[in-house]
1. If you average the alpha carbon positions of the stretch 289-360 and of the stretch 176-201, how far apart do those two centres end up, in angstrom?
2. Using the C-alpha gyration tensor of the stretch 246-377, what are the square roots of 5 times its eigenvalues, in whole angstrom, with the largest one first?
3. Using the Kirkwood formula on the Cα atoms of the stretch 300-345, what hydrodynamic radius do you get, in angstrom to one decimal?
4. What does the charge add up to near Leu477, with Lys and Arg as +1, Asp and Glu as -1, over the other residues with Cβ less than 12 Å from its Cβ?
5. What number comes out for the charge environment of Asp272, summing +1 per Lys or Arg and -1 per Asp or Glu over other residues with Cβ under 12 Å away?
6. Quick one: which of Lys78/Lys260; Lys23/Lys244; Lys78/Lys126; Lys23/Lys177; Lys336/Lys396; Lys260/Lys566 span more than 32 angstrom between C-alpha atoms?
7. If the cut-off is 20 Å between C-alpha atoms, which lysines fall inside it for Lys147, apart from same-chain ones fewer than 8 positions away?
8. With a 10 Å radius around each residue's Cβ, average the other Cβ atoms per peptide and rank 216-225, 137-146, 469-478, highest first.
Amino acid sequence: MSLPNGFLDELRTRVTLSSIVGKKVTWDMRKSNLAKGDFWAPCPFHQEKSASFHVDDRKGYYYCFGCHAKGDAVTFVKDSDNLGFMEAVEVLAREAGMTMPARDPRAAEKADRRTELTQVMDEAVKFYRLQLKTAAGSAARSYLAQKRRLNEAAWDRWDIGWSPDNAQAVVEHLRAKGLSEDLMTASGVVAKSDSGRLYDRFHARIIFPIRDARGRVISLGGRSLDPNARAKYLNGPETELFDKGRNLFNHAPAREAAGKGQTLIVAEGYMDVIALSEAGFTAAVAPLGTAVTEDQLRLIWRISDEPVIALDGDTAGLRAAQRVIDLALPLLQAGKALRFAILPGGMDPDDLIKAQGAPAMQAVLDGAKPMVQLLWQRETEGRVFDSPERRASLDKVLRGHLARIADQSIRNHYAEEMKRLRLDLFGTAQYRPFQPGPFRPGRRNAPPGGALATTRSSLLAQAQGPVEETLREAVILATLILHPGVIHRFETALERLDLTGDDHDTLRQMILAGADMPDLHDRIAQSAPAALDAVLSRPHVAIAPPVRNRQDDELAALCLAEELAKLEARRGARREIEDAMEDMDGLPDEGLTWRLSQAAEARHRSEKSGQSDSSDLGEDRAALSRQLQRLIDDQVWIKKNR
């Protein structure tokens, strides 16, 4: 469906972003300035205690400094409620009292079709719920109460039902409601035999409704009580409503519970989810008849940054864990992780809770392992590495796993952890950490009382990354603080900048939140004086041209572009060398030698270009412009293909 020109603009004008977001968050009144349309709150898209989610009512735009979620009112409704674009627009239009434009006939027909299919699902669920309370449902009630320990209140909470053994019962019921045979079969509730006869797909099964993120029934799951049934559990087929690889069982309630701080648990099936929820672990979801898919994993990460995969402790459960690891490796991002809780003795969550209670389940969750440990366990458990060839084989496999991780920072951290685990496995006899020698006259030894206070407070002692990079970051931040008028030109680069310290990140958040504010320096000086002083007091920063020339925004923009290009070139060279060193296996080959030479050349170009006109950066604008243009033309931050 296309919208007429100006419709979205008018919609965004009529609705206030803070009123939309305010339904999902609690504003932090200490940080917010309501009179200026400046709102802060804990982010609704990830778990946090601090208020890092910023809403600017004047611009109609939000941004989270934690998970980097951003957008306008339509984007917020779309992402927070897991809606499609047009569905989000419809929600906002109702909020604003606007009439949606007429839909094209095909789109309207499709929407009407989904509404009719949803009606079929609702009628079927009502029918099955009633059947559970009849004499025909006595065996199902006994199973739920005695084996699953679910009382009648729990049946109602989950809309559990019973499909009678009569395969025509639900067909007759739906037909009596005036629903066509086409809708019955399209919903997945009813199937058609080769002879054309309609029958209940789930007959003689306990029924568990499957709902989407908005709580609408989109499919059914059935559990047979017959030990000889071909399939103990049966999910509905894929339909116009139901895509099993893109939905999760218990999505909406789990999202709400996770938003309130509960740990998101990913279990194997819906009986596990029900058992967990009834025991108090209400942030629980499960895939629907398939192994976890990429779409489901992304959906899970939208609910929680670090969910716990709770799997049975049997062989099948461990295999499922390994499949999730292989799926997740290329998708890992900073702040998006997985932990794994392997249950003891082949139990599933339902078994463990019934046998030992909720505290035992909580203990298992508390002991959940990070994904890297299970990956290491898979490649080493039960194997002997008593020869160079076997150890080399392990190294090759591990390098293959690391290569699949797209995020450079996470790949580096995984490599460090693998090195540590490898050292533990192969022993430490050849690993001798540096030990300081005895005091010798004539050598420069540490003072008897330890490092001097001036030494401890120096940049060399405090920097968390290479000193040159830390200094460049300080110049960039100081320039933006003193020249707020250029912030909007460098917002994207600043958001993506990998900063080396907490103080730098604090300043970045305030800079992005205060773009175009002429009093930005004073606001930061009042809110974070220590962080600001730590940057501006550095001699290297104090002599920077844009710091000395606070009225010249054009100079500031040129210097920022230069500093960002040099910083990226410096870090790109270092990353290239690190990657090349990781790939070394025996003698360096021609490709490795080329990579190292390119890294050295990129570093040399960036440093040489920074020295050519450094003496007159503040005086000779033409020299600075030429220097910046060379950096842009050479694209020193990009590896050249030769």
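Derivation of every value follows stated rules applied to the coordinates shown; laboratory data play no part. For clarity, every value in this text was computed on a predicted model and none was experimentally measured. All Cβ positions, glycine included, derive from the backbone under ideal geometry; neighbour counts span all protein chains shown.
1. Between the Cα centre of the stretch 289-360 and that of the stretch 176-201, the gap is 36 Å.
2. Value: 20, 17, 14 Å, ordered largest first.
3. 11.2 Å
4. On the way: positive: Arg472, Arg508, Arg538; negative: Glu473, Asp503, Asp505, Glu563.
In short, -1.
5. Taking every other residue near Asp272 into account, the sum is -4.
6. Violating the 32 Å Cα-Cα cut-off are Lys23/Lys177; Lys260/Lys566.
7. Cα-Cα hits under 20 Å: Lys133, Lys232, Lys354.
8. The peptides rank, most packed first, as 469-478, 216-225, 137-146.
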